[in-house]
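Peer 1: Got a structure here, written out as structure tokens. Questions coming.
The numbers here are math on the coordinates, done by the rules we state, and not lab data. All values reported here derive from a predicted model rather than from experimental measurement. Here the Cβ is made from the backbone with ideal geometry for all residues, glycine too, and neighbour counts use every protein chain on show.
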Amino acid sequence: MSAHSVASRAGSAEAVGPPPARPDALTGSPLSRFFAGTAAMAQAELRKLRHDHLDIFTRSAQPLLWLFVFGTALQHNHALTAGTLDYRAYLAPGVMAQAALFIAIFFGLAVIWERDVGQLQRLLATPIPRSAIVVGKAAGAGVRALAQATLLLIVLAITQIDVRWRPIEIVGALAMLVLGTASFACLSMLIAAGVRTRERFMGIGQLVMMPLFFASSALYPLSIMPGWLHVVARVNPLTYEVQGLRQMMLGVGGGGELWLDWLVVVGFFVAMAAAATRAYPRAIL
Amino acid sequence: MSAVTVEDLEVRFGEVRAVDGISFTVGDGEVYGLLGPNGAGKTSTLRVLTTLLPADAGAARVAGFDVARDGLQVRARIGYVPQALSADGALTAQENLEFYARVTGVPRGQRRERIAQAVEAMDLGAMLGRLARTLSGGMLRRLEIGSALLNRPRVLFLDEPTVGLDPSARALVWERLHALRADAGTTIVVTTHLMEEAERHCERLAIMDRGRIVASGDPADLRARHDAASLENVFMKVTGRPLDEDQGRIRDVRSQRRVARRLG
């Protein structure tokens, strides 16, 4: 059977039409292409979440265990909260950020998988800006964290743990959580760009995540830390994210100002997104 | 004007010359094949042409644009289907099409129509609501090619599009590609290590081995020039050894086997 004969048997491609003189992808401004691309990536991540919504419930088990087992065990230890709060309330913003950190740090695994199955190559051969791929994917991690945090807030409300239920501040806390998660997702993509196998990434992911978590104010205040750990926690962006969440959810910060927490979280996001955008195409080499 | 022009292209990975000074042109509306065993340099060449890999030397133009300097212009005018199965398994076929319509910049008002056209062209109607991970290999390939057509590319690059497919799925994919070429005038550049497939479906081809083009022309002419019964014999005559499918870089072989396994 020759090429010519098969062509004559199938005629249904007729409707596809010839290429346009000016490609569709180049009609808007670079900024509009960035936003359109980011929205497309984020929508795809949302759709994946919708197809696998049980994932959020299974991932929520871990923060609930921290809150109701670890938190309950230390509930009456007022040294951790300077005697002002139920430790479970103090812990809630920390485990919320920690659970989101888990989602974010292992997001790079998806990059390695997508490279192995060719999705990444395909995406990088489209006109979508590289920055939109990274920010869109990071937004996907943020949305997953948002769904998980919403579930956690519902549990906090049901169990009457003492959160300050001010709508604007709760929305602010969720926004900071999304931004913080997106930042760590960018960090994860940055690591994934330089790692060849999923197994190695798992090891590096643990190596990054555990110090970030324990050397932060997620579980205990900075004031009880020894000097060297205090310094490490002060340069850890998770500390500022948790302090911001705590300030907005409980009215208790960690000695810092809320504007500084926002500044660090936003600055960390911009730096990580820029670095990941630069490194991301190298993941396929 | 040529759809693709390659001049003295070189790609090196450390000491290894994956592509070693090759030159060729592909005419508008042509089905052009890059043929050779694993590790011959076909995929590296395709990656340069799709702007995924920088060349170490030489030049390449696609749709009139330099791949190194005008990457965005090139990417806006091409469709690309890599060898590995690249559809997103966690999305339905319809969602995959909508996603690629958005990332290739198809205007909102035209998306529905373009998707309907791609569905018709690649016969995807029965699978639209299914998650891509539940589709057969042949269906997945048609979905990927369909989604690569949404921006009406001037050049469609396909890396081993039929690897791992059974003969009937393979025939259907080619049938649709020829119909596309005939009706939309799309230029198709395809890599394959299957000599019989290249002979049957490509108007012109380049046989690659160890990064170099060792023979090129239309299949019948190549056979006549080398007094060979098949392209496999042409390969043997120009390289002095039989075609061994399992040679080449271990990553290429592993990748090909992984695709074949996923296709069952």
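Peer 1: Within the P(r) computed for segment B:171-250, what percentage of the Cα pairs occupies the region above 15 Å?
Peer 2: Values: 1866 of 3160 pairs.
Tail of P(r) above 15 Å: 59 percent of Cα pairs.
Peer 1: Additional query: About the Cα centre of segment A:51-156, how large is the charge dipole given +1 on each Lys and Arg Cβ and -1 on each Asp and Glu Cβ? Please answer in debye to the nearest 20.
Peer 2: Charge dipole, segment A:51-156, about its Cα centre: 240 debye, nearest 20.
Peer 1: Just the C-alpha atoms of segment A:65-126: what Rg/Rh do they give, with Rh taken as the Kirkwood radius?
Peer 2: 1.36
Peer 1: Could you tell me whether segment A:219-268 comes out rounded, prolate or oblate from its Cα gyration tensor? Rule is a ≥ b ≥ c as square roots of the eigenvalues, rounded for a/c under 1.5, then prolate if a/b exceeds b/c, otherwise oblate.
Peer 2: On the way: a/c = 2.30, a/b = 1.27, b/c = 1.82.
The shape class here is oblate.
Peer 1: Shape of segment A:162-236 from its Cα gyration tensor (a ≥ b ≥ c, root eigenvalues): rounded if a/c is under 1.5, otherwise prolate when a/b > b/c, or oblate?
Peer 2: Oblate, since a/c reaches 1.5 and b/c is not below a/b.
Peer 1: How large is the Kirkwood hydrodynamic radius of chain A, in angstrom, based on all distinct alpha carbon pairs?
Peer 2: 20.6
Peer 1: Give a residue-ordered list of calculated ³J(HN,Hα) values for segment B:80-90 (Karplus: 6.51 cos²θ - 1.76 cosθ + 1.60, θ = phi - 60°; whole Hz; x for Gly, Pro).
Peer 2: Rounded to whole hertz, the list is 9, 10, x, 4, 5, 6, 9, 5, 7, x, 8.
Peer 1: Mean Kyte-Doolittle of at least -0.5 plus a Cα span of 20 Å or more along the axis: flag which DSSP H helices in chain A meet both, please.
Peer 2: For chain A, where a helix must reach 20 Å along its axis and average at least -0.5, the hits are A:30-51, A:87-105, A:130-158, A:167-193, A:198-214, A:258-279.
Peer 1: GNM, chain A, Cα, under 10 Å: largest mean-square fluctuation among A:Ala36, A:Ala125, A:Ala44?
Peer 2: A:Ala125
Peer 1: For B:Met208, which sequence-distant residues (separation of 5 or more, or a different chain) have an amide H within less than 5 Å of its own amide H, given hydrogens modelled in the peptide plane?
Peer 2: Excluding prolines and chain starts, which carry no amide H, the hits are B:Leu35, B:Gly36, B:Val214.
Peer 1: Across segment B:67-74, in residue order, what do the Karplus-derived ³J(HN,Hα) couplings come to in whole Hz, using 6.51 cos²θ - 1.76 cosθ + 1.60 with θ = phi - 60° and x for Gly and Pro?
Peer 2: Once rounded to whole Hz, the list reads 5, 7, 8, 10, x, 5, 4, 5.
Peer 1: Kindly provide the trypsin sites (Lys or Arg not before Pro) of segment B:10-85 that DSSP labels as loop, not H, G, I, E or B, and whose Cβ sees at most 14 other Cβ atoms within 10 Å.
Peer 2: B:Arg69
Peer 1: Between B:Ser168, B:Ser147, B:Ser230, which gets the highest mean-square fluctuation from a Gaussian network model of chain B, Cα cutoff 10 Å?
Peer 2: B:Ser168
Peer 1: Check which residues have an amide H placed less than 5 Å from B:Val31's amide H, if you skip close sequence neighbours.
Peer 2: B:Ile188, B:Glu203, B:Arg204
Peer 1: So who's got an amide H within less than 5 Å of the one on B:Ala3, skipping anything under 5 residues away but keeping other chains? H placed 1.01 Å off N, in plane.
Peer 2: B:Val26, B:Gly27, B:Asp28
Peer 1: Just to check, using Stokes-Einstein with a Kirkwood Rh over alpha carbon pairs, what's the diffusion coefficient of the protein assembly as shown at 4 °C and 1.567 mPa s in µm²/s?
Peer 2: Taking Rh from Cα pairs, D becomes 51 µm²/s.
Peer 1: Continuing with this model, one more query. Can you spot the aspartates and glutamates whose alpha carbon is less than 16 Å from B:Lys237's alpha carbon? Ignore those fewer than 8 places along the same chain.
Peer 2: Within reach: B:Asp209, B:Asp221, B:Asp227.
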